[in-house]
Amino acid sequence: MPSSPVLPPHRPRPYPLPVCVSPRITALAAAVAQADESAAAEAVAAFWAQVAAEGTPVVEPDGTDHVVTFLWRDESARAVVLHLNKLTDFHDLRQSTMHRLPGTDVWHLSYRMPGTWRGSYTIGPLDVPVSEFDPTGAPDRTLWQRLRSATVTDPLNRFPLADGPDGPVLSTVSLPDAPPQPWLAPRPGTPSGSVTVHRFDSAALGGTRTVRLWAPPGGGDADLGRYGDRPADLGQRDDLAVVVLLDGDLWGDQGALGSTLDNLVAAGRIPPTAVLMVDPVDLPTRTRDLACNPSFVDFLVDELLPWAGRRLPITADPARSVIAGQSLGGLTAAYAALRAPHRFGAVLSQSGSFWYPRDDWFATRAAGTAAARHIRWYIEVGTREWDLLDRTRRLRDVLHAADAPVDYHEYDGGHDPVCWRGGLADGLITLLGV
């Protein structure tokens, strides 16, 4: 395998942002301009009261599109930057900088977006003007990380989402025509699966990993390696389908995954399934494990799955064994299946980092691997992911040319867990559906 730093190429965004003017902000500006100080203060207070009642961002239909207005209330900030997934680009922050309505505490920025869009964001109030960060100069990743670390959740957003156990709480927005995500919310009366957390010493990796094991409802005493006391719970089979889900910390601490799995099993959309979620430890370990590392695949196949099989009766059938991941995890899911098709017969890759290690290396590798046509592929990528979209389409085309069974999807969004959590359910239905 070619050696390469595990660092995204990150070309500048190849198109301008669809900045526009909000009718609501225009009306407020007119009211403030025409009023005395007291009346202007009342107009602003009424505006914030209405916004608080509705939630943010403010969404105004505009033909087939929508004007989406992001807001921040602040009297002391010198600048406010909107950090919007795969729209904000650290090469140039000018189109991601909010504007202050003169004489008020209202900071605002509006984009015209199609009704299919879904995304997440945070907000970064600054005590210095953005111009001091030289947004037109060469991109500074260290500076960008510092800016991102200072962001906060939109306090008026109604749909927050935790970005992993140590990440920020993201604010989210889904426009009316975004792909439905019907499996997320808990459903009253639906039996719940259970999660147990384990520390796993790996000889292949020379270290310890945290593994979360999700057992479906009725899983019984996992330590005895049996699925309850009623084999009939498994339907016509006596074993469980299995999913290995990378970046386990992203999923293990979010209720959406558990409720999604509960709902899918209860509705009969997937069979009873065991899910193994592998935590990445830290960023350096993650990049080492998930950069097409053969030792990591050996850990999954030769250590982790046999260990899980001593706790739950998981299948040995590769056709019912899915490996799933996002970003570098999506790359590694595809790599692991090509390396171990006897164990993983299905790949669920979301926003896979197919830029690694360079250009179309992975697509070329897939084309030269006979196993590719015997693996079932569910691949999705966001149309806002300008660094990934062309490379993912190239992989799709290579797999199609090899007559591999590929279910390929593009969604209107970015490199974003608020999109991935819905696509994960769709992928599991496609690959395991009964």
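Coordinate-derived values only; no laboratory data. If you're wondering where the values come from, they're calculated on a predicted model, not measured in any experiment. When we count neighbours, we look across all protein chains shown, and the Cβ atoms used for this are built from the backbone with ideal geometry, even at glycine.
Some notes on this structure:
- Between 0 and 90 degrees, the angle of helix 389-401 with respect to the longest Cα principal axis of the chain falls at about 30 degrees.
- The orientation-averaged projection of the convex hull spanning the C-alpha atoms of the chain amounts to 22.5 square nanometres.
- Residues whose placed amide H lies under 5 Å from that of N157, excluding near-sequence neighbours: T56
- Summary of packing: across the peptides 186-196, 410-420, the per-residue average of other C-beta atoms within 10 Å ranks them, highest first, as 410-420, 186-196.
- Projecting label points 7 angstrom from Cα along Cα→Cβ for T190 and R310 puts them 3.4 nm apart.
- Computed from Cα positions, the angle between helix 417-432 and the longest principal axis of the chain comes to roughly 30 degrees.
- Kirkwood-based Rg to Rh ratio, segment 238-323, C-alpha trace: 0.98
- Helix-only arithmetic for the chain: the sum of -39500 (n - 2.57) across DSSP H runs with n ≥ 4, divided by the residue total, places the mean residue ellipticity at 222 nm at -8000 deg cm²/dmol.
- The charge dipole of segment 314-374, taken about its Cα centre with unit charges on the Cβ of Lys, Arg, Asp and Glu (plus for the first two, minus for the last two), comes to roughly 120 debye.
- At R0 = 30 Å, FRET efficiency that the Cβ-Cβ distance of A46 and T116 yields, to 0.05: 0.40
- Debye equation applied to the C-alpha atoms of segment 194-432, log10 I(q)/I(0) at 0.11 Å⁻¹: -0.52
- Signed unit charges on C-beta, dipole axis of segment 323-390, positive-most listed residue G330, W355, T369: T369
- Max-minus-min Cα coordinates of segment 1-95 on each principal axis give 68, 36, 23 Å, with the largest extent listed first.
- Here the label points at E75 and H342, each 7 Å from Cα along the C-beta direction, are separated by 7.1 nm in the simple model.
- Phi-based couplings in Hz for segment 175-183 (Karplus 6.51, -1.76, 1.60; Gly and Pro marked x): 7, x, 9, 4, x, x, 10, x, 9
- Nearest 10 degrees, 0 to 90: helix 328-339 Cα axis against the chain principal axis: 20
- Per the Cα gyration tensor, segment 32-158 maps to an equivalent ellipsoid with semi-axes of 26, 20, 13 Å, ordered largest to smallest.
- Contact order, relative form, for the chain: 14 percent (alpha carbon pairs under 8 Å, 6 or more residues apart, mean separation divided by residue count).
- Placing +1 on each Lys and Arg Cβ and -1 on each Asp and Glu Cβ, with no other charges, gives the chain a dipole about its Cα centre of roughly 1040 debye.
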